[in-house]
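Student: A single structure is presented below for examination.
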Amino acid sequence: DPATLNIFATRSNPKKKRKSRTAFTNQQIFELEKRFLYQKYLSPADRDEIAGGLGLSNAQVITWFQNRRAKLKRDMEELKKDVQCEKMSANQSFLKNVNDLTILKTRPVSRSQSLAPQPPTSPPAAPPRTHAEHRIG
């Protein structure tokens, strides 16, 4: 039978058709966004209230909030990357400026001066006093 060999043949038990994408009105989006500003997760009672007030189903409100939290997470990760790039750029710029300043401050020295030992910039620290020295002194 050729129909049983055709992998594209329609099934006798077709899957339930997926609901089409909801087109929210500007007013619905405004109200959902306003609520999302101060409440990222809704209780069932809040969900019922919003759904009823906006003419949406509970499932639509649930899905909108899930998608909005996912978008917030993506946006935060993107912002974090931007801040890290900005910090790296600022550090590189700072290091370049420091390098430029040190080049300006350096003076050419003669070969004999560069080979002479340089005096230490600060005296070595005194060794710490022991417990016995504290009692005697």
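The values are calculated or read from the model by the stated rules, or taken from the named source; none is laboratory data. Please read these numbers as outputs of a predicted model, since none were measured by experiment. Positions of Cβ are generated from backbone atoms using ideal geometry, with glycine treated the same way; all protein chains shown enter the neighbour counts.
Student: In the set Arg47, Arg68, Arg74, which member is of a type in the set (D, E, K, R) and crowded, with 17+ Cβ neighbours inside 10 Å?
Tutor: Exactly one of Arg47, Arg68, Arg74 is of a type in the set (D, E, K, R) and crowded, with 17+ Cβ neighbours inside 10 Å, namely Arg47.
Student: Among the residues of the stretch 70-93, are any touching a residue at least 24 places away in the same chain (Cβ under 8 Å) and either assigned to a helix (DSSP H, G or I) or within 29 Å of the chain's Cα centre (by Cα) (or both)?
Tutor: yes
Student: Quick one: which residue in Phe24, Phe30 is at pLDDT 95 or above and either in contact with a Ser or Thr (Cβ under 7 Å, 6 or more places away or on another chain) or assigned to a loop (DSSP other than H, G, I, E, B) (or both)?
Tutor: Phe24
Student: Does Glu49 satisfy the criteria of being at pLDDT below 95 and not basic (Lys, Arg)?
Tutor: On the way: at pLDDT below 95: no; not basic (Lys, Arg): yes.
No; evaluated as a whole, the condition is false for this residue.
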